Amino acid sequence: MTETKSNVPWYAWPFVALWKLIAGIVALTGRLVAVILGLVLMLAGILVSLTIVGAIIGIPLAIVGFLLVLRGMF
């Protein structure tokens, strides 16, 4: 097994890790299911964000849902 090493700056690592997680979910579930799951996560994130305390969880949840929809479409 060959290993490719990419040079990712330390400050960009969380974004690269999140994108790889989203790509893995799309690979496991398929594009249509990933888009539907992303829409559900965005809706749940928006609903949870209606409270001030829930915004801590809801905003990142909606962002992950948006990224999942984006990755599923393209």
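The values are calculated or read from the model by the stated rules, or taken from the named source; none is laboratory data. For clarity, every value in this text was computed on a predicted model and none was experimentally measured. Positions of Cβ are generated from backbone atoms using ideal geometry, with glycine treated the same way; all protein chains shown enter the neighbour counts. Side chains are part of the model used for accessible areas, which takes the heavy atoms of the whole protein and leaves out ligands, DNA and RNA. Shrake-Rupley method; radii C 1.70, N 1.55, O 1.52, S 1.80 Å.
The computed Rg and Dmax of the Cα atoms in Å for the structure shown corresponds, within (1) 14.4, 48; (2) 14.4, 44; (3) 12.3, 35, to (1). Between residue 20 and residue 59, the simple label model (points 7 Å from Cα in the Cβ direction) yields a spacing of 2.7 nm.
Computed in the context of the full set of protein chains, the accessible area of the chain at 1.4 Å probe radius has 78% of its extent on carbon or sulfur. Per-residue ellipticity at 222 nm, computed for the chain from helices alone with -39500 (n - 2.57) per DSSP H run of at least four residues, works out to -24500 deg cm²/dmol.
Taking all protein chains into account, the per residue accessible area for the chain stands at 78 Å² (1.4 Å probe).
Could you please report the charge total around residue 22, scoring K, R as +1 and D, E as -1 over all other residues with beta-carbon less than 15 angstrom from its beta-carbon?
+3
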